[in-house]
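The values are calculated or read from the model by the stated rules, or taken from the named source; none is laboratory data. Remember, predicted model here, so these are calculated numbers, not experimental data. Because the Cβ atoms are built from the backbone with ideal geometry, glycine has one as well, and the counts that use them run over all protein chains shown. What goes into the accessible areas is simple: the full protein's heavy atoms, side chains included, and nothing from ligands, DNA or RNA. Shrake-Rupley method; radii C 1.70, N 1.55, O 1.52, S 1.80 Å.
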Amino acid sequence: MPNIVSNFILPSPVTARVTQLGQRIRLARIRRGWSVLDLASKAGINRNTLTALELGKPGVAIGVCFTVLWALGLEKSLDRVADPDLDVHGKALEAARRPTRAGKPRKTRNDYDF
């Protein structure tokens with residue numbers, strides 16, 4: 001069943017990824033031996049917000065996700081998210097729009113040439 005956030009239906013693959021991210025954040029917190037309150041305090045958020053994030057609630061702001069990852073010391077894991085160098089499809093589309101040959105520079109007409 002798809003999740004609905006602010007009258008917007010999330011595709012099920014997106015819902016699965018949000019849930020997976022929440023589970024990973026929870027596991028990272030537990031491995032550090034931190035309580036929900038510990039991590040929420042380090043991130044400067046309410047513990048209910050952290051709980052919602054860990055449960056994979058899609059309404060949690062992306063800034064909260066990034067802040068929690070920072071508090072866990074995992075902010076570098078975001079470096080590869082939407083990296084343009086890894087966007088194979090986008091690079092292929094860009095290459096398809098390139099001209100197939102280089103054109104010669106056109107001479108401009110100079111009416112004052114004697």
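Our estimate of slack between residue 85 and residue 20, defined as 0.36 nm per intervening residue step minus the Cα-Cα distance, is 20.9 nm.
Placing unit charges on the Cβ atoms only, positive for Lys and Arg and negative for Asp and Glu, gives the chain a dipole magnitude near 240 debye about its Cα centre.
Candidates 63, 78, 33 compared by Cα position along the dipole of the range 1-85: farthest toward the positive end lies 33, with charges placed on Cβ.
For the chain, the carbon plus sulfur part of the accessible surface works out to 55%, probe radius 1.4 Å.
Summed over the residues of the range 23-109 and divided among them, the accessible surface reaches 80 Å² per residue at a probe radius of 1.4 Å. Close amide H contacts of residue 56 (hydrogens built in the peptide plane, cut-off under 5 Å, sequence separation of 5 or more or a different chain): 22. If you average the sequence gap of Cα pairs under 8 Å that are 6 or more apart and divide by the length of the chain, what percent do you get for the contact order? Once divided by the residue count of the chain, the mean separation gives 20 percent.
Among the listed values (i) 49, 18, 14; (ii) 36, 15, 12; (iii) 28, 14, 11, the one matching semi-axes √(5λ) of the Cα gyration tensor in Å as calculated from this structure is (i). Protection proxy ranking for 91-97, 63-69, using the average of other Cβ atoms within 10 Å per residue and placing the highest first: 63-69, 91-97. For the chain, the number of Lys pairs with C-alpha atoms closer than 30 Å, counting only pairs eight or more positions apart or on separate chains, is 5.
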